[in-house]
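A short worksheet on the structure shown next.
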Amino acid sequence: MQGVGFRPFVYNLAVGLGIHGWVCNTAAGVDIEVDGEKTLLERFVIDLESKAPPLSNIDEISIDWIPVQDFTEFTIVHSQDDPNAFIPISPDVSICEDCLYELFDPQDRRYRYPFINCTNCGPRFTIIKEIPYDRLFTTMAGFPLCPECEAEYTDPTNRRFHAQPVACETCGPHVWLEFSGSPEGIYEHNEAIVAARQYLKEGKIIAIKGLGGFHLACDATNSAAVHELRKRKLRVDKPFALMCPNIHAIRQYCDLTQLEEATISRRERPIVVVPQTQNTTISELVAPGQTTLGVMLPYTPLHALLLEPDTGFPDALVMTSGNLSEEPLAYSNQEARERLSSLADMFLLHNRDIYIRCDDTVARVIQDEDQPRVSILRRSRGFAPNPIRLEWKMPPILATGAEIKNTFCLTKDHYAFLSHHIGDMENFETLAAFEHGVEHYQTLFRTSPEYLAFDLHPNYLSTRYAQRLAQEKSLPAFGIQHHHAHIAACMADNHLGKDTTVIGLSFDGTGYGTDGTIWGGEVFLATYQNFKREFHLKTIPLPGGDAAIKEPWRIALTWLYESGIEWTPDLAPARYINTDQQQMLRQQIQSGTNAPLTSSMGRLFDGVAALVGVRQTVNYEAQAAIELEALVDPAERARYEFQITGSVIDPAPMFEQIVADLSHQIPIQQISAKFHNTIAEIALQTCLAIRSKTELNLVALSGGVWQNSVLLQTTIKKLRENSFSVYYHDQVPTNDGGLSLGQAVIAYHTIID
Ligand code: ZN
Ligand code: ZN
Ligand code: FE
């Protein structure tokens, strides 16, 4: 990887051991030739691997013994730029310990300088315009180095040797604070940061320019401020992420396991979703209806200054993406002023441009009884554009993903470059961000797609984009079934071999089926090339289409209707609407008008949540299901009945039992637990049925529904108790954010067949 200090590391290692030769970047990685005593050379090779700089990544070392060249010194040989060479680019990395120390050291010349960085940290992906990775091709081009920075930059023994974004107060970018609507800095440099903290303390909302875009920040313990932010952002109750100065501060608000602490502290600095401690000073409006909080640590020096501990200022800030709901993140100063003026009271800005926007990554820890595991829910800043390494040498394929939580994936050789989070491709702005992203990846990785893969849904903007490109450039294009892509993504994420067959449980919200209905409760026999739909959740009408997703009462009543259960007024969804509306709904179900058919598992969760009275309408996708999960009583082991007839899984008996439980006033916590146990049992029974027929023992779990940790953990346990090998997601999101990887590997395996 470029710009991670590998050559100077090799230089210092060789000089330290007193061996001579040279090091040079090549298209394939790094070439090193050295003369010396055999034992020293062996030491050198061991240290190469064990002491490599934190951001470097050694896939493989190969060694040839050749005659002595009688070198007299060790040199860094300048590399020639090979037009076809492809050198991975580092993601953005949080401030390192050394820089953090200098930031708060009054003796240091970068004391309180918000753009301090070195070879081991700082911005990368978001400031690179072109390769090779060189200051001239980054947004730092406009800041010529001062003599002092220059000296550090050119000294191979210095931590800032060839650190492209290196800067100081004299030569680098600076910050300022301005009020909304008056683009004039009122405070500059350190004063801007001090003033921003004061305003945050007073309850103001500030738009803060970060690494990959803007955040909107306010004091997380101030309910009035959080309420105001929700009102302005038109975000009713979707949870906000928090930033705290250190792990110690986070522990005041959350109950953390060791792995959760380690994940929060990773240099990628993801937002980690962790259990919230009850009765803390954090406003209840930060994550209404949830038992978890998304927390992160400061990752830029500017964040570290804003959250400097023990100074009497707020030690928990809401840091939510700087956009209006549904729009992509704002990333230039001008764009922020235009789009965020009505949202923020003021702006903390700087003049280091962001070239490509990149949202925060979201992760959580799965309490797997075998071994707890980190699972990525949104793979973006800190991870993108790191590729997923696969076993196959692939031609350039561009997979365009789905709609919600879109990412795209570009393959080259052994690598799958899964893009940063693009967002919900429902509007022009997001499509533009997608197109810019695709072009940028092609430039960065010097590749141009020869094949295209896309979702079968004809109306997705990502599908239309792929079809247009296929036509313009006459490229072969593959339409990939949504849930097959989910399972293939899970298989690739777990590095399963090319001839593997799995039982794929694709439990999901929405995805286009090969029969034109909406699928989502699918049990497949699947390989990378093919799938067979062995079982699926009963197909029901979704009266109102997308309206049903926002109004789960529609789904609850449809399931009751389908299960032959009357809409009696004691049931929450029936009570929620009047008799005219009931009549209309019944007609829609019976006639099928504006009622697309679906076997979606996500919708079943929505429907059950509405039935038990969690909520009848939602403000964000899967909200009802998430709140239903939060209610589960973990002590409850019982479950409900269901029926499997042929390939159809019919939950009618479960609905009868839930209605009975409701009439007996069984607590909702128990009903919720029994429902989750039922779905896990459905997973088990379908897998057992397939195993008895095929002797297959591998199960892959993928699709958005598996974001439900209770369901995931219960299912894994049940399957393992029955000796199944269970694969679930790791580096790649289980939701549609991982879909493009699945599309790409399916296209690849279809091509080579
Ligand atoms: Zn550093
Ligand atoms: Zn300087
Ligand atoms: Fe999906």
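For the reader, a short list of remarks on this structure follows.
- Summarising the strand pairing of the chain, around 70 percent of its internal DSSP beta bridges are antiparallel.
- Between T280 and Q665, the C-beta separation translates, for a Förster distance of 30 Å, into a calculated FRET efficiency of about 0.40.
- Percent of Cα pairs exceeding the 37 Å cut-off, where the set is the chain: 44
- Taking 20 °C and 1.002 mPa s as conditions, segment 348-474 diffuses translationally at an estimated 135 µm²/s according to Stokes-Einstein applied to its Kirkwood radius (Cα pairs).
- When only Cα pairs below 8 angstrom with a gap of at least 6 residues are kept, segment 277-371 shows a relative contact order of 19 percent.
- At R0 = 35 Å, FRET efficiency that the Cβ-Cβ distance of K550 and T514 yields, to 0.05: 0.85
- The modelled label-to-label distance between R389 and R232, using points 7 Å beyond Cα along the C-beta direction, is 4.6 nm.
- For segment 222-244, the residues whose amide N sits under 18 Å from a probe point set 7 Å from the Cα of S325 along the beta carbon direction are 226-241.
- Between T39 and T154, the simple label model (points 7 Å from Cα in the Cβ direction) yields a spacing of 4.0 nm.
- Cα long-axis angle, helix 579-591 against the chain (0 to 90 degrees, to the nearest 10): 80
- At a Cβ-Cβ separation cutoff of 4.7 angstrom, cysteine residues of the chain with no neighbouring cysteine are C24, C99, C118, C149, C168, C218, C244, C254, C358, C409, C490, C687.
- Rounded, prolate or oblate (a/c below 1.5 giving rounded, otherwise prolate when a/b exceeds b/c) for segment 175-350 by Cα gyration tensor: prolate
- Taking the average, over residues, of other Cβ atoms within 10 Å as the packing measure, peptides 31-37, 103-109 rank 31-37, 103-109 from highest down.
- Segment 6-76 - share of DSSP beta bridges that are antiparallel (%, nearest 5): 70
- Taken about its Cα centre, the chain carries a charge dipole of about 1300 debye when Lys and Arg each add +1 at the Cβ and Asp and Glu each add -1 at the Cβ.
- Label-to-label distance for I58 and M584 is 6.8 nm, based on points extended 7 Å past Cα in the beta-carbon direction.
- Sorting the segments 135-143, 586-594 by their mean number of nearby beta carbons within 10 angstrom, highest to lowest, gives 135-143, 586-594.
- Global form of segment 538-694, assessed from the alpha-carbon gyration tensor, a/c cut-off 1.5: oblate
- Centroid-to-centroid separation of segment 558-606 and segment 615-657 [C-alpha atoms, Å]: 16
- Full extension of the chain segment joining R464 with H495 gains 8.1 nm, where the gain is 0.36 nm per residue of separation less the Cα-Cα distance.
- Extension gain, T617 to S332, is 99.0 nm, computed as 0.36 nm per intervening residue step minus the present C-alpha separation.
- For L242, the amide hydrogen comes within under 5 Å of the amide hydrogens of G294, V295, M296, M319, counting only partners 5 or more places away or on other chains and with H modelled in the peptide plane.
- Neighbourhood net charge (11 Å Cβ-Cβ; Lys/Arg +1, Asp/Glu -1) for I549: -1
- Extended-chain gain in nm, criterion 0.36 nm per residue less alpha-carbon gap, E566 and I186: 130.3 nm
- Between the helical axis of 668-694 and the longest alpha-carbon principal axis of the chain there is an angle of about 80 degrees.
- Within the same chain, lysines fewer than 8 places from K38 are excluded, and of the rest, those with a Cα less than 29 Å from its Cα are K51.
- Paramagnetic label reach from H414 (point 7 Å along Cα→Cβ; backbone nitrogen cut-off under 14 Å): within segment 1-33, residues 1, 28-30.
- When peptides 268-277, 294-303, 453-462 are ranked by their average number of other Cβ atoms within 10 Å per residue, the highest-first order is 294-303, 268-277, 453-462.
- Cα centroid separation, segment 240-303 to segment 88-166 (Å): 28
Read-outs: derived from the displayed coordinates by stated rules, not from any lab. These numbers come from a predicted model, not from an experiment. Here Cβ is always computed from backbone atoms with ideal geometry, including for glycine, and neighbour counts include all displayed protein chains.
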